[in-house]
Amino acid sequence: MLPVDGHIERRLADLPALPGVYIMKNAQGKIIYIGKAKVLKNRVKSYFDGSEHGGHRAASLMLPYIRDIEWIITETEEEALILEANLIRKHKPKYNVLLKDDKHFPYLAFSVGEKFPRLFLTRSVHKDDSQYYGPYMNSRIIAQLTDLAARLFHIRECKLKLPLASPARPCLNYHIGRCDAPCAGLITPEEYRVKVNQARLMLEGKRDDLLEQWEREMLEASERMDFETAGKKRDAIVALQSTGVRQKTDTTDPNLSLDVLSIRRNGTLAAAVILEYRAGVLTGRRHYRLECKLEDDETEIFRQMVLPWYMEVPLIPAEIATDIALPEDAEPLQQALSEKAGRKVRFTNPQRGEKLGFLKLAAANADMILVEMRAEVQKYSEIDQSVFELQKVLGLKKTPFRIECVDISHLSGTNTVASLVAFKNGRPDKSNYRKFIIKTVEGVDDFASMREVMTRRIRRLEEEGTPMPDLWVCDGGKGQVDATMQILKELGHDQDLPLIGLAKRLEEIVFPDDRESIVLHRTSPALKLLQNARDEAHRFAITYQRSKRKKDLEVEWLKIPGVGHETRVKILSKYRSAESFMAAPVEDIVDLLGKVRGNKLREEVARYCAKFIEPLDSNSSEDVPAEK
């Protein structure tokens, strides 16, 4: 993890695991980079992980200038990609120009100004008499829509300039039922326009209106016994229902604009999000963090804030859609905004269709911001005050919200294991406890064991892109602390990972540098926190060592020289452990193995298992209570 300031570190921790667009800003608040992500948390963190495989050129160029990160969540990665392109075109960030191709997405154009309109793909929008739909992710979607329009509405696919001077011979599409042959004069412009209007309803996402119309026409045809027409309408209804065509309209009309506003409130905190749709395309997001009186509901917040919000913007849209109940004085508010905009502005409460979907997306963004606000407010109330006292007595630059402590445990140099315990906000964070089997050390060498554990732990944190703990606690005095600091230097973390030791005899806090050790009063909350971390690491290590030795005992107790396979099978068929074998009555052993063989084997098992049932902790005579 590359070094970042506290604000960026908090923003990285707050990133949601959702698709969306992220926005990098410099110290002046200017946007310097915009990107999209399938998972915002993973993508944005990759800029700061410092690894060759995770980092990229953008990170090396921008990192010195990034001072803030914002994001807009979307429903899908495809929406994020389109939003990214629109935001890049709008803001033209410096590093997108250098590092990213601002490509143009395909649109579907409907030449509605012609007598016999057709659908065609284009990558640019012109101010002409065509209707534009999109942008779409790729041309395949446009091909599917064009095919659907031909099958359901018989919209022509040819490039002829109609009407022709003289009728032409109908092409194959006419004979297979995909076109009504306007080139041959087999359909009038008026009849064709009806089909065009129906196709536009589909492309504008108004399937419900179209289905309702077709169902009505199907029933009317059925009542007049025109079953052929009724059957065609039924097939068209089934075909349209099987598609998921719901696409926002993109038009060249600058007056067709919309803001979608949602407010979420919890206690005295409120978050408002405004999604800006211009020409039918999501082009940006504005959000506000509010503090309100406890009795203020969302409607009152809307009434008080809507004018200040829109007096700051250069363009007020013609429509402001919101999921908030409109206040009684909504009309005067609309008039004030209309005067500022120079045209009529209205508030709406959509209950169905695309706009309701936009509102849900705005509400999701407002919910996310409100969660961030609540987390920031609750942050200090949820943290044990011992954490802040510990920062004070140790003189730490950063508050030790995350503390990690390691303990090594072995039995006369065998079965060496280690435990790592984590404390978060002054309390045990058991989800981040870790167990280690020491793999590279033989015999009694606590320093080498500590080197292995710290190397494995720090390398794992680096690979995962997880920040280092705010404080590392070592169980021991000056010698152990200096040795541990040497390990941190070798790993390159002696500057960013504070280290202290806690010596048992006087409960003395030891530092790795020239600072004098300190002894806190036995009732000090800071001392209690350090003791809890050390004792918890010791308990966790002993518990793990005990369970590992028991498992080894269960596996190894019959691997005694001179005991053959058949004898082991015979014993294990009746006794599953050394304890049950040793506790069995003498007569049962004699019946199973014979008198001489049974007594001899019992003595061998007792001698062999003695090393497994020595005192559990060779490093300390004190016992540790089992985990509750």
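Bear in mind these aren't lab numbers, they're just calculated from the coordinates by the rules spelled out. This is a predicted model, so every value here is computed, not measured. For neighbour counting, all protein chains shown are included, and Cβ atoms are generated from backbone atoms with ideal geometry for every residue, glycine included.
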| task | Could you calculate the FRET efficiency of residue 494 with residue 123 from 1/(1 + (r/R0)^6), where r is the beta carbon distance between them and R0 is 60 Å, rounded to 0.05? | result | 0.65
| field | Cα Rg, Dmax, segment 298-352, angstrom units | value | 10.7, 30
| message | If neighbour count is taken as other Cβ atoms inside 10 Å, put 171, 158 in order from fewest to most. | response | 158, 171
| Which aspartates and glutamates does residue 127 reach when only Cα atoms under 13 Å apart count, and residues fewer than 8 places away in its own chain are ignored? | 250, 253
| query | Could you list, bin by bin from short to long, the percent of Cα-Cα pairs of segment 388-548 in 5 Å steps? | reply | 2, 9, 18, 23, 23, 15, 7, 2, 0
| Any idea how far apart residue 385 and residue 194 come out in nm if each label point goes 7 Å out from Cα toward Cβ? | 8.1 nm
| note | Bounding extents of segment 257-378 in its principal axis frame from Cα atoms, largest first in Å, are 44, 28, 27
| Cα-Cα over 31 Å, subset of 397/548; 36/115; 94/340; 30/430; 30/340 | 397/548; 36/115; 94/340; 30/430
| request: Scan segment 460-525 for trypsin sites (Lys or Arg not before Pro) in coil per DSSP, keeping those whose Cβ has at most 16 other Cβ atoms within 10 Å, and list them by number. | output: 504, 505, 515, 522
| field | Sparse-neighbour loop sites [GluC sites (Glu not before Pro); segment 406-469; at most 12 other C-beta within 10 Å; DSSP] | value | 442
